[in-house]
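The values are calculated or read from the model by the stated rules, or taken from the named source; none is laboratory data. Everything numeric here is computed off the predicted structure, so don't read it as measured data. Note that we place each Cβ from the backbone using ideal geometry, even for glycine, and neighbour counts take in every protein chain shown.
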Amino acid sequence: MAEGEKALLEVRDLRTHFDTDAGTARAVDGISFAIAPGECVALVGESGCGKSVSSMSVMRLLPSPPARVASGQILFEGRDLLGLSNAEMCAVRGKDIAMIFQEPQSALNPVFTIGDQVAEAYQIHHAGSRPREAWEKAVAALRSVGIPDPESRAKDYPHQLSGGMKQRVCIAMALICSPKLIIADEPTTALDVTIQAQILDLLRTLRKEHNLSLLLITHDLGVVAEMADRVCVMYAGKIVETAPTRELFAKPLHPYTQGLMRARPEPGSSRHGRKRLAVIPGLVPAATQFKDDCRFRTRCPLADEKCGSEPALQAYDGEHCAACWHTSAAGVQAWDARDAKGGPA
Ligand SMILES: Nc1ncnc2c1ncn2[C@@H]1O[C@H](COP(=O)(O)OP(=O)(O)OP(=O)(O)O)[C@@H](O)[C@H]1O
Ligand SMILES: [Mg+2]
């Protein structure tokens, strides 16, 4: 986000912890980011990094206990969502901020028609509306997300639709009260590749048409490259690198980001004769095991004794920030060094 620009959403030093039998899971542990009106910010990282816990914290949808916001602020248009009553938060959900999930199947109720479900989403925030008006709004919303023949398809039940069409219905539900921000948590992961491209295309078009802000959660750097203005790379509950998308891809500074990029299949590479995909060795540690060190040190080819204390997120080039003791404005080539030493790919 450019300096001086007013954020629509600003998350400041958010910590969401879970009290479990195995100890405190510091799933989200001090993250800060902002989204400007109309901007798309991607949260990217491997499974278990805290992406969904971050988004569910913004929506205040995590059951407490076990979840507990240990610190931070979630400012939406300057108002801290963490300070709202449940009733006030219900008014924000759907109307100001809406959410799209990975599994459209589980987001829809199998016993109601899709028209009824989209109409209900409208009526939640338009209590005085007549059923006919809500139905017409629902049909219009279904049309706007590319459902063909929406008047008759509105009478279908979810099982009568393909996965891609179901995700379009979920997007219609998210859009029906004209929210300013949509949080999409892996919106295309459950869909096959051609349908994925169509849904991403739809999200891009709707974003432009409605000047929507989008918080896009994904583990897919290809999706990030296509969709996001800015990227926050998460590792083990922290943001370890953030940059405008183009800069991140041009010069990833953090060894973790570089590792993720190496692990990407190259476009156009054939199945046969392709070199083995380079994976990042090891696993994200369990959230109950996080320490106050660099959490990537157990997997990082550059790790040394400095990494025993936690590196802060530091700006290297304008808005390009990384949290690593070993990086510099010129960057580091963490994995090339490892490859040269003959480490496993
Ligand atoms: N209810 C819970 N109780 C305890 N720990 C939890 C709970 N929910 C999530 N966690 C922990 O929080 C961490 C982050 O989980 P989260 O679901 O945010 O990951 P993610 O980045 O969305 O991963 P994925 O890509 O698989 O969706 C994980 O270590 C997970 O085990
Ligand atoms: Mg998730």
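When segment 198-220 is filtered for residues that are more than 16 Å from ligand 2 (Cβ to nearest atom), polar (S, T, N, Q) and touching an Asp or Glu at 6+ places or on another chain (Cβ under 9 Å), only Ser213 remains. Take segment 188-211 and flag every residue that is within 16 Å of ligand 1 (Cβ to nearest atom) and either under 19 Å from Ala138 (Cα atoms) or touching a helix residue (DSSP H, G or I) at 6+ places or on another chain (Cβ under 6 Å) (or both). Those that are within 16 Å of ligand 1 (Cβ to nearest atom) and either under 19 Å from Ala138 (Cα atoms) or touching a helix residue (DSSP H, G or I) at 6+ places or on another chain (Cβ under 6 Å) (or both): Thr188, Leu191.
For Ala236, the conditions (1) in contact with a Lys or Arg (Cβ under 7 Å, 6 or more places away or on another chain); (2) on the phi < 0 side of the Ramachandran plot are fulfilled apart from (2). Ile35 passes every criterion in (1) within 19 Å of Ala121 (Cβ to Cβ); (2) hydrophobic (A, V, I, L, M, F, W, C); (3) buried (at least 19 other Cβ atoms within 10 Å of the Cβ); (4) more than 14 Å from ligand 1 (Cβ to nearest atom) apart from (1).
Would you pick out the residues in segment 46-65 that are hydroxyl-bearing (Ser, Thr, Tyr) and either surrounded by fewer than 19 Cβ atoms within 10 Å (Cβ to Cβ) or within 6 Å of ligand 1 (Cβ to nearest atom) (or both)? Within segment 46-65, Ser47, Ser52, Ser64 meet the criteria.
Residues checked against (1) charged (D, E, K, R); (2) not assigned by TED's automatic domain parsing to the domain that holds Pro281:
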site	(1), (2)
Pro150	no, yes
Arg153	yes, yes
Pro158	no, yes
Gln167	no, yes
Gln196	no, no
Leu200	no, no
Met227	no, no
Cys232	no, no
Val240	no, no
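All of Arg295, Arg246 fail the test of being at pLDDT 90 or above and buried (at least 17 other Cβ atoms within 10 Å of the Cβ), apart from Arg295.
Restricting attention to segment 151-195, the residues that are part of a helix (DSSP H, G or I) and either free of Cβ contacts under 8 Å to residues at least 24 places away in the same chain or closer than 26 Å to Ala34 by Cα (or both) total 12. Looking at segment 4-107, the strands (runs of 3 or more DSSP E) lying wholly inside it that each contain 2 or more residues that are within 14 Å of the chain's Cα centre (by Cα) and not basic (Lys, Arg) sit at 9-20, 23-35, 40-44, 97-100.
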